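The values are calculated or read from the model by the stated rules, or taken from the named source; none is laboratory data. Just so we're clear, the structure is a prediction, and the values are computed from it rather than from any experiment. Cβ coordinates were reconstructed from backbone atoms using ideal geometry, including for glycine residues, and neighbour counts include every protein chain displayed.
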Amino acid sequence: MGCVTSKQVEDDAIVEPDLRPANGSNAAETTRARRLSYSIEAKNRQQQLQHPPAVAVITANGKGTDGTVDIKGGSVGTRGRRLSYVTNDKNLADKIKAEYAMYAEDESSLQEHQQGAAAAAAGGSPQAQQQAKKQRPIDVQVACMSRAGREPGYKKTNQDNCFAFEKYITEEQSMFGAMDGHGPHGHLVSGFVKQHLPILLVQHLTSGAGLKEALSSGFLEVDAGLAGSKVDCEFSGSTCSLAHLKGTTLTTAWVGDSRIVLGRQGKRGGWEAVDVSHDHKPTLPEEKARILKQQGRVERLVDEMGQPMGPYRVWLQYAWIPGLAMSRALGDQLAHTVGVSSEPQHVQLELTPSDKLLILASDGVWEFISSKEAVELVASCDTPEDGCRLLVDEAHQRWLHEEEGVVDDITAVVVRLVHRR
């Protein structure tokens, strides 16, 4: 299906970190309520990954070499790195294995397992097996859109990323993800996660481990990969929210505050929003206890008058850094030393025919739009592409109205669930 990407404005708001002791005087107020940015040299802004994120190549007919579709039909040029993976390629696992050699599962065993499962489900004949492949219980239609934020007077880089695989590893699996970077190199962190996490998860999801364990292993491994990469993660990181669909089983895994919402249609046509993730805030009892146990602090910034402002953040015991407004994230090496975790939490449920929509989005959407309103906006549209665009545009307009010209990066992945039976 289509991938929608908007033209991205290159600007970024930077403020100096306050390195004074925690019991000292005031910390500078940032222009953004959600997170702190840090001052860096201009040359460091150009720092790249050791292996830059894969770029989808758009051909003359609008389709990419990896199955990606640019529904706007525009130039891939400067925004190629931001194109989300949206593919129908059923040979994805083989391609990943050949290119990266990332998992050691015996090929013949894997093929026998897949063929045996199809035969058991469809009666054993080749024709029945082929029919079984075509009859996955839930088909998906997906669209993605990422729109850069703005802060007047500053150059800004879009730090969000996303990916969407309509078919992932096998015919009956799909996977979707949304990432929201933060800090001076947040765009590199989210780009690293987008590039590497789907590949790492092929290894873990074909290893025989349980689904939740496999997803957790992938998150932890990509976090370890970031620590060993050329991306400076001391003050930079990313959220990651992932939804994996196999048959009728939906499993979510996430760190941070990029929310995942299921849209459920009632018998009378009304819509219900079911949150299948929750924001990882440092004030949650379990999260705060872990941070305090590792000698971190959870406090709000204070203004010149000593009055608290903004959300609660995670700090070192005796310094006003790093100031992260979430309790779990990828990257963020300094925050990891005081209890910020890279291990995801999970929700798993069986979908029913009333479950029609799935939305994954960065907090640029959720700041001024509730889960229920987001579902209703998307449901009012005829296609996932229209719904995705409406949701992102509405979130953008609300930022302009509420924050007097300041807009966060906004990213959404919209999935329509089409039940076959």
### Task
Restrict the check to the stretch 233-240 and report whether at least one residue is closer than 30 Å to GLN135 by Cα and crowded, with 21+ Cβ neighbours inside 10 Å.
no
### Summary
Within the stretch 163-204, the residues that are in a loop (DSSP other than H, G, I, E, B) and under 30 Å from PRO137 (Cβ atoms) are GLU166, LYS167, ILE169, GLU171, GLU172
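Quick grid of which residues meet (1) crowded, with 21+ Cβ neighbours inside 10 Å; (2) over 18 Å from the mean Cα position of the chain (by Cα):
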site	(1), (2)
SER207	no, yes
SER217	no, no
LEU245	yes, no
ALA253	yes, no
LEU262	yes, no
### Task
Consider only pairs whose beta carbons are under 7 Å apart and that are at least six residues apart or on different chains; among these, list those whose first residue lies in the stretch 269-295 and is on the phi > 0 side of the Ramachandran plot and whose second residue is assigned to a loop (DSSP other than H, G, I, E, B).
GLN295/GLN317; GLN295/VAL338
### Query
Considering only residues of the stretch 258-277 that are at pLDDT 95 or above and among the charged types (D, E, K, R), which is nearest to VAL347 (Cα to Cα)?
ASP275
### Query
Filtering the stretch 151-173 down to residues that are touching a helix residue (DSSP H, G or I) at 6+ places or on another chain (Cβ under 6 Å) and closer than 21 Å to SER207 by Cα, which residue is modelled with the highest pLDDT?
ILE169
### Message
Can you say whether TRP315 is aromatic (Phe, Trp, Tyr), within 26 Å of THR249 (Cα to Cα) and at pLDDT 95 or above, as far as the supplied structure shows?
### Response
no
### Conditions (1) touching a Phe, Trp or Tyr at 6+ places or on another chain (Cβ under 8 Å); (2) modelled with pLDDT under 95; (3) aromatic (Phe, Trp, Tyr): number failed by PHE176
(2)
### Query
Given the structure, is HIS280 touching an Asp or Glu at 6+ places or on another chain (Cβ under 8 Å), at pLDDT 95 or above and under 29 Å from HIS187 (Cα atoms)?
yes
### Message
Can you tell me how many residues within the stretch 300-320 are in contact (Cβ under 8 Å) with a residue 24 or more places away in the chain, in contact with a Lys or Arg (Cβ under 9 Å, 6 or more places away or on another chain) and charged (D, E, K, R)?
### Response
1
### Task
For the stretch 189-200, indicate whether the set of residues that are of a type in the set (Lys, Arg), out of contact with any Asp or Glu (no Cβ under 8 Å at 6 or more places or on another chain) and crowded, with 24+ Cβ neighbours inside 10 Å is non-empty.
yes
### Query
For the subset of the stretch 369-411 comprising residues that are small (Gly, Ala, Ser) and within 20 Å of the chain's Cα centre (by Cα), which member is nearest to MET145 (Cα to Cα)?
GLY387
### Query
Restricted to the stretch 377-421, and to residues that are closer than 23 Å to LYS167 by Cβ and of a type in the set (S, T, N, Q), which residue is surrounded by the most Cβ atoms within 10 Å (Cβ to Cβ)?
THR411
### Query
Do any residues in the stretch 371-383 that are closer than 14 Å to GLN265 by Cα and among the charged types (D, E, K, R) have Cβ atoms under 9 Å from those of residues that are surrounded by fewer than 21 Cβ atoms within 10 Å (Cβ to Cβ) and at pLDDT 95 or above, where the two are at least six apart or on different chains, and which pairs are they?
LYS372/TRP271; LYS372/GLU272; LYS372/ALA273; GLU373/ALA273; GLU373/GLU394; GLU376/TRP271; GLU376/ALA273
### Query
Checking PRO311 against (1) under 22 Å from GLY186 (Cα atoms); (2) part of a loop (DSSP other than H, G, I, E, B); (3) not hydroxyl-bearing (Ser, Thr, Tyr), which test does it fail?
(2)
### Task
Any chance you could count how many residues in the stretch 314-338 are assigned to a loop (DSSP other than H, G, I, E, B) and over 22 Å from the mean Cα position of the chain (by Cα)?
4
## Note on the structure
The one condition TYR312 fails out of (1) surrounded by 24 or more Cβ atoms within 10 Å (Cβ to Cβ); (2) touching a helix residue (DSSP H, G or I) at 6+ places or on another chain (Cβ under 9 Å) is (1)
#### Entry: Options GLY306, GLY323; residue that is surrounded by fewer than 17 Cβ atoms within 10 Å (Cβ to Cβ) and farther than 30 Å from SER174 by Cβ
GLY306
### Query
When the residues of the stretch 138-188 are filtered to those that are within 22 Å of VAL261 (Cβ to Cβ) and of a type in the set (Val, Ile, Thr), which remaining residue is surrounded by the most Cβ atoms within 10 Å (Cβ to Cβ)?
VAL142
